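Here's the structure, in structure tokens; my notes come after.
The values are calculated or read from the model by the stated rules, or taken from the named source; none is laboratory data. Since the model is a prediction, treat every value here as computed from it, not as a measurement. When we count neighbours, we look across all protein chains shown, and the Cβ atoms used for this are built from the backbone with ideal geometry, even at glycine. Just the protein is used for accessible areas: all its heavy atoms, side chains included, with ligands, DNA and RNA removed. Shrake-Rupley method; radii C 1.70, N 1.55, O 1.52, S 1.80 Å.
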Amino acid sequence: MFSRDTWQEIFLTIRKNKLRTVLSGFTVSLGILIFVGLVGLTNGLQNTFEYFFSQDATNVMYIFPGRTSMPYKGYKSLRRIELDNSDLTDIKEDFPMFVDYISPRIFRSALVKYKEESNNYTTIGVDWGQQFAEKTIMMKGRYINQEDVKNRTKNVAIGRLVEQDLFGNSNSIGEFIDVGGSMFRVVGVFQDDGGDNEERQLYMPYTTRQLIEKNTDEIGQIVIGFKEEIGYTGAMAFQRSLEKYLKQKKFIHPEDENGFFVRNVADQLKQNQDFAGVLAIIAALVAFGTIIAGIIGISNIMVYVVKERTKEIGIRKAIGATPRSVISVILLESIFITTISGFLGMFLGIALLSTLGDTLMDDYFIRNPGIGTGLAVFATLLLIIFGTLAGYVPAKRAARIKPIEALNDE
């Protein structure tokens, strides 16, 4: 294997057969390149799912009111369902084994002013639990608390970009701002990984919002944080029980799916994980197929190589070459070309994924596509090993040819 003459002969053969060498190397490089690309893109898609779901809590359900589509117990269809404060109390009291926290959400748009600065922002009436549902990070001050809700205080927590727009470099904590004609005191500034839109919002006590709106008890949505220890199965059981309970309370037909809607983040996460898992299996099968195709390509080329060198093999054996030496020369040439081409394809694939990372995220929502170095090296070595084994069969067959038969080969 380490004979200088052997390697000189291998390089001489490569130089004389440039086209054959290029085709052999291209087959291997393309197989590894496709494998790295498919696995990297699949990992990028899984990263995207994980990123989007990591911005908010996953042990959360959102309840949205709708309109009934079926008459029930004297009520006509197309009836608008409304959520109110009693729903918050009843859910907490009837499902204590599931509920960790609960918060309403009342969305309104308002013109917000501070001195000479003003802009339109989204205000959200909430309870203290909303901070955990949105994974809101407090930069300064505090969030809305239970005392704010109980006493209907005019306190507000504002987003980082709201403070930046209205206060510039000044500190907003303790300052009063005009929110839709009512004065509120800023008690906190938050940031949110959800993006700029999330940081251009203001949170106030939902009871205060209701007081401003003629002391109504209506709420827009309900956010329920369920206990993490109940897991996915418990979350689905809780959702079914909650839907049945609300349909009975709101006089909605048991089969009516439009009276209200429940968005279970745990269920969405599970569905996306299953989808990503299926994609990973498909990508793995396709990638494995490219490896098989590469092995077959190497085998076919080796058959051609052996046939092309039949007379040469006959001459070698006529002057005393052993079958082992004949096989080793052919296999060493194959291993050398396969190894160089395989690692070249691997490095090209990794470099391509790294280069396209930002572009893919912007256009196709594939985040940080990549592949573990260990897996890429393993796949490359696997192709080299099986490619060598595939080439061993025709090489061994050639070594068995008698010199006189080889010399008479056309």
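If I take every Cα pair under 8 Å that is 6 or more residues apart in region 136-202, average their sequence separation and divide by the length, what percent do I get for the relative contact order?
Working: 109 pairs, mean separation 30.3, N = 67.
Across region 136-202, relative contact order equals 45 percent.
Treating the angle as unsigned and between 0 and 90°, give the value, to the nearest 10°, between the Cα long axis of helix 323-364 and the longest Cα principal axis of the chain. Result, in degrees: 20.
Solvent-accessible area per residue in the chain equals 53 Å², computed with a 1.4 angstrom probe and all protein chains kept. When the chain is described by a simple charge dipole with +1 on each Lys and Arg Cβ and -1 on each Asp and Glu Cβ, the residue from V393, G141, T42 located farthest towards its positive end is V393. Applying 0.36 nm per residue to the separation of F52 and N85 and subtracting their alpha-carbon distance, the gain on full extension is 8.8 nm. Taken about its Cα centre, region 83-187 carries a charge dipole of roughly 380 debye when the Cβ of each Lys and Arg holds +1 and the Cβ of each Asp and Glu holds -1.
Can you pick out the pairs among K135/K244; K92/K150; K92/K135; K92/K250 whose Cα atoms lie more than 23 Å from each other? Numbers along the way, then the final one.
Values: K135/K244 29 Å; K92/K150 17 Å; K92/K135 21 Å; K92/K250 17 Å.
Going by Cα-Cα distance, K135/K244 fall outside the 23 Å limit.
Each label point was placed 7 Å from the Cα along the Cα-to-Cβ direction; for Q268 and L352 their separation is 3.4 nm. Max-minus-min Cα coordinates of the chain on each principal axis give 107, 58, 34 Å, with the largest extent listed first.
Of the solvent-accessible surface of region 1-154, computed with a 1.4 Å probe over protein heavy atoms with every protein chain present, carbon and sulfur atoms account for 55 percent. Put simply, the amide H of F190, placed in the peptide plane, has neighbours under 5 Å in M139, I158, G159, R160, leaving out anything fewer than 5 places away on its chain. Mean separation of Cα pairs under 8 Å and 6 or more residues apart, divided by the residue count, gives the chain a relative contact order of 28 percent. Between the helical axis of 85-94 and the longest alpha-carbon principal axis of the chain there is an angle of about 60 degrees.
Could you please state how large a percent of the accessible area of region 185-270 is carbon and sulfur, counting protein chains only and using a 1.4 Å probe? After summing per-atom areas, the C and S share lands at 44 percent. Sorting 239-249, 57-67 by their mean Cβ neighbour count within 10 Å, with the most densely packed peptide first, gives 57-67, 239-249.
To the nearest 10 degrees, how steeply does helix 4-16 sit against the main Cα axis of the chain, on a 0 to 90 scale? Around 80 degrees separate the two axes. Computed per residue of the chain from DSSP H runs no shorter than four, each worth -39500 (n - 2.57), the mean residue ellipticity at 222 nm is -19000 deg cm²/dmol. For region 148-265, the fraction of C-alpha pairs farther apart than 23 angstrom is 52 percent.
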